[in-house]
Amino acid sequence: MRIALVGNGRMSQAVQTLAASRGDELVTVISGEENRSGEMLTADRLDAAEVVLEFTHPTVAPMNLLRLAQLGMPVVSGTTGWSERLPEVEAAFTAGTGALLHSANFSVGVQLFLRAAAVVAAGFKGRPEYEEFILEAHHKHKLDAPSGTALRLQAAVRHADSDRDFPVSSIRAGAIAGMHRLSYDSAGESISLNHTARGREPFAAGALAAADWLRGRRGVHRFETMLFGEEG
């Protein structure tokens, strides 16, 4: 697979390392320093790539993705913190010849965790003696809080039990790769469902699997669809 990377931060570096071990060809890496206004996202720079992976910054991700939509590129994006502009970006890809697969989290384990959390939430529905909450923790450099995954978790459990708020608390400290927890607490007991990441490799593996799947497709797709089918 011939890939181009937009962004050269920690996640992009994890993708580069894993792609090299798989035998994928890295066509180009476009850093934020050289691409402040999207000027490096050109047909000439990206022509040899079969798919683009975008891991940048929430302030520039929509601009990058709109430009890539104009170029008709298939794009996997994992940048979070810009969800208010996602409908605009998705419309651009739907109208063009490219493809977009955006996810707040490319870990297969996280996707299974989200589905399990919805089942747990449905089980606690109608039991007010248990008080619900969500806790998430990430490294000190993560910009958005709550995380995109925490918001996805909140949406999933609210869908299963609309009578609860599921408030989210966020921690940003140290080098925490990522932790998400759904908890219920009562006077006599506490129940929690956790997902803890030990590093970025699971996210890189999921992003590369999504990129491989996206080749040859058009329009807007979900990571859940790739993993679980149209009903996922």
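The values are calculated or read from the model by the stated rules, or taken from the named source; none is laboratory data. Just so you know, these numbers come straight off a predicted model, no measurement behind them. Here Cβ is always computed from backbone atoms with ideal geometry, including for glycine, and neighbour counts include all displayed protein chains. Heads up: the accessible areas ignore ligands, DNA and RNA and are worked out on the full protein's heavy atoms, side chains in. Shrake-Rupley method; radii C 1.70, N 1.55, O 1.52, S 1.80 Å.
Restricting attention to region 128-185, the residues being within 14 Å of THR196 (Cα to Cα) and of a type in the set (D, E, K, R) number 2.
Hey, does region 82-95 have a residue that's under 13 Å from the mean Cα position of the chain (by Cα), assigned to a loop (DSSP other than H, G, I, E, B) and free of Cβ contacts under 8 Å to residues at least 60 places away in the same chain? Scanning region 82-95, I find at least one residue that is under 13 Å from the mean Cα position of the chain (by Cα), assigned to a loop (DSSP other than H, G, I, E, B) and free of Cβ contacts under 8 Å to residues at least 60 places away in the same chain, so the answer is yes. Condition test on GLU33, is it without any contact (Cβ under 8 Å) to a residue 12 or more places away in the chain and under 27 Å from HIS139 (Cβ atoms)? Yes: the conditions hold for GLU33.
Taking the numbered list (1) surrounded by 16 or more Cβ atoms within 10 Å (Cβ to Cβ); (2) closer than 19 Å to ASP144 by Cβ; (3) in contact (Cβ under 8 Å) with a residue 24 or more places away in the chain in turn, HIS57 passes all entries but (1).
When ALA118 is tested against the conditions (1) touching a residue at least 40 places away in the same chain (Cβ under 8 Å); (2) in contact with a Pro (Cβ under 9 Å, 6 or more places away or on another chain); (3) not in a loop (DSSP other than H, G, I, E, B), the lone failure is (2).
Check whether at least one residue in region 100-114 is in contact (Cβ under 8 Å) with a residue 12 or more places away in the chain, under 21 Å from SER12 (Cα atoms), open to solvent by less than 10 Å² (accessible area, probe 1.4 Å) and in a helix (DSSP H, G or I), and report yes or no. Looking through region 100-114, at least one residue is in contact (Cβ under 8 Å) with a residue 12 or more places away in the chain, under 21 Å from SER12 (Cα atoms), open to solvent by less than 10 Å² (accessible area, probe 1.4 Å) and in a helix (DSSP H, G or I). Just one of the listed residues (MET11, MET73, MET40) is within 15 Å of GLY206 (Cβ to Cβ) and buried (at least 16 other Cβ atoms within 10 Å of the Cβ), namely MET11.
Quick one: which strands (runs of 3 or more DSSP E) lie wholly within region 155-232 and hold at least 2 residues that are free of Cβ contacts under 8 Å to residues at least 12 places away in the same chain, surrounded by fewer than 19 Cβ atoms within 10 Å (Cβ to Cβ) and of a type in the set (S, T, N, Q)? Quick ask: steps written out before the conclusion?
Numbers: elements: 168-172, 179-185, 190-196, 219-221.
Here the list reads 190-196.
Name every residue in region 33-56 that is at negative phi and out of contact with any strand residue (DSSP E or B) (no Cβ under 9 Å at 6 or more places or on another chain), in order of residue number. Give the steps one after another, and end with the answer.
Quick first cut of region 33-56, residues at negative phi only: 33-37, 39-56.
Selection gives GLU33, GLU34, ARG36, SER37, GLU39, THR42, ALA43, ASP44.
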